[in-house]
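*Asks:* Please find one structure pasted underneath; my questions will follow.
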Amino acid sequence: MKKILKNIGRLFELKTADLLGIIDRFHQHMAAGLRREKSSLKMLPAYVGLPSGTEKGRYLVCDMGGTNVRVMSVELSGNRRARVESAMRCPIPLPLRRGEKEALFSFLARVIGDFTSAWPRIPTPFAFTFSYPMEQKSINSGILIRWTKGFNVRGVEGKEVGMLISQSLKGARLSHIHLRALINDTVATLLYASYQNPAYDMAVILGTGTNACYPERKVNFQSTGRETIINLEWGNFSELPANDYDKLLDVNTPNPGEQRMEKMVSGMYLGELVRLVLLETQGSKGHPKLNKPYGLMARQLVRLEAEEIKAIAHPIVVRSARILAAAITAVITWMDSDLKNIHHVAVDGSLFTGYPGYRKIVEATVEELLPRQGDKLIISPVKSASGIGAAVACAMSDFAAKSF
């Protein structure tokens, strides 16, 4: 067993030099993406900057994640405070995640209609959080580039998502609900954190998938001289060393060759990597879940009692945390190469706070990469931030009508 663990540890090890190389390549891909050259980082402008903290009003939000949809009413006070007045969560049935667009968007409209059934039918400003790569031209429109997180709904890629949700609302006799903001969940997380505390200038999602965003000040996308938040879509970052288990996992996904970083870091794939290693090194005897692809989820790794399985999972989880630390460091040093300022990073996702020791590994790795400067980077967890952040975007929208 010791020999197996030593070999697994070697396969998933990333030394300091490896991480510094990842940071350099990350900067290269960021620069190429901003120039609209070939890059594994999309660097998508969100057409919204950081909030002032004075935004106020009451807004309807629909937050579509990887497995659930949440609908909520959010009130912004205008003094950097916000609260969710009421909320409803519904799982997205698996057939809808891989079916036709009409079925998915009709389902979303039905959930929104159920949530607002007792509301007065007056013009209602609405924000839609859509957690998938979009090419945006304004704050309330976006074209889906590709599905991620196991979704493969036909007829949506290449289409305008804002139009699809608006049409579905109209078809459900909810035409009084007006889309004011279409926003990525990572961007919404940064808006939420910055609304509460202006020191935040980066957000990370680390859940089913992973992504990050930051305010870009070097490149002017809006011809206004103002910054805009950039959605990196960093789950697709490709310049990472892959071992045989990574390659085996990748070839059996719906999108082989894509989302390389996500497949090494996020909660959706860590359990599967552990399962693949266990199958090859120990077989499935006594562990029937190992015979089923994705039968072992990241959240289950925490509850495992078998010490040998924990020992195999450890280097896989450590690699995830070290890649995450390198990617965060890359973005912060892109914004501030000399680290003249203190930067606060908001992280939303159960892996960061829920997996024992994960946060400490990330923080220790940042210290390793930024000797004597690690205290300039403060990483803090936030929870369920994207809903309130979407309401902030709605309030900031140039199209926003009076809140109801």
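The values are calculated or read from the model by the stated rules, or taken from the named source; none is laboratory data. Not measured: the values here are computed from a predicted model. Glycine gets a Cβ as well: all are built from the backbone with ideal geometry, and neighbour counts include every protein chain shown.
*Asks:* Within the range 59-67, does at least one residue satisfy the condition of being touching a residue at least 24 places away in the same chain (Cβ under 8 Å) and surrounded by fewer than 17 Cβ atoms within 10 Å (Cβ to Cβ)?
*Replies:* Yes: the range 59-67 contains one or more residues that are touching a residue at least 24 places away in the same chain (Cβ under 8 Å) and surrounded by fewer than 17 Cβ atoms within 10 Å (Cβ to Cβ).
*Asks:* Let me ask another. Return the residues of the range 371-390 that are among the hydrophobic types (A, V, I, L, M, F, W, C) and part of a strand (DSSP E or B); say none if nothing qualifies.
*Replies:* Answer for the range 371-390, where residues must be among the hydrophobic types (A, V, I, L, M, F, W, C) and part of a strand (DSSP E or B): Leu377, Ile378, Ile379, Val382.
*Asks:* Moving on to the next point. Within the range 232-252, take every residue that is without any contact (Cβ under 8 Å) to a residue 60 or more places away in the chain and over 21 Å from the mean Cα position of the chain (by Cα) and give me the one that is surrounded by the most Cβ atoms within 10 Å (Cβ to Cβ).
*Replies:* Leu248
*Asks:* So Leu296 clears everything in (1) more than 22 Å from Gly354 (Cα to Cα); (2) in a loop (DSSP other than H, G, I, E, B); (3) touching a helix residue (DSSP H, G or I) at 6+ places or on another chain (Cβ under 7 Å); (4) free of Cβ contacts under 8 Å to residues at least 40 places away in the same chain except one condition, right? Which one?
*Replies:* Looking at each condition in turn, Leu296 falls short on (1).
*Asks:* Would you point out which residue out of Ala181, Ala203 is modelled with pLDDT of 95 or more and within 18 Å of Glu135 (Cβ to Cβ)?
*Replies:* Ala181
*Asks:* Within the range 253-264, how many residues turn out to be free of Cβ contacts under 8 Å to residues at least 60 places away in the same chain and not basic (Lys, Arg)?
*Replies:* Looking only at that region, the number is 4.
*Asks:* Which strands (runs of 3 or more DSSP E) does the range 99-147 wholly contain that include 1 or more residues that are without any contact (Cβ under 8 Å) to a residue 24 or more places away in the chain, in contact with an Asp or Glu (Cβ under 9 Å, 6 or more places away or on another chain) and of a type outside the set (S, T, N, Q)?
*Replies:* 141-144
*Asks:* Quick one: in the range 352-370, which of the residues that are under 19 Å from Ile316 (Cβ atoms) and part of a loop (DSSP other than H, G, I, E, B) is modelled with the highest pLDDT?
*Replies:* The residue in question is Gly357.
*Asks:* When you check Arg98 against the structure, is it outside the structural domain of Tyr269 (by TED's automatic domain parsing), on the phi > 0 side of the Ramachandran plot and at pLDDT below 95, yes or no?
*Replies:* no
*Asks:* Within the range 54-63, is there a residue that is closer than 25 Å to Ala199 by Cα and in a loop (DSSP other than H, G, I, E, B)?
*Replies:* yes
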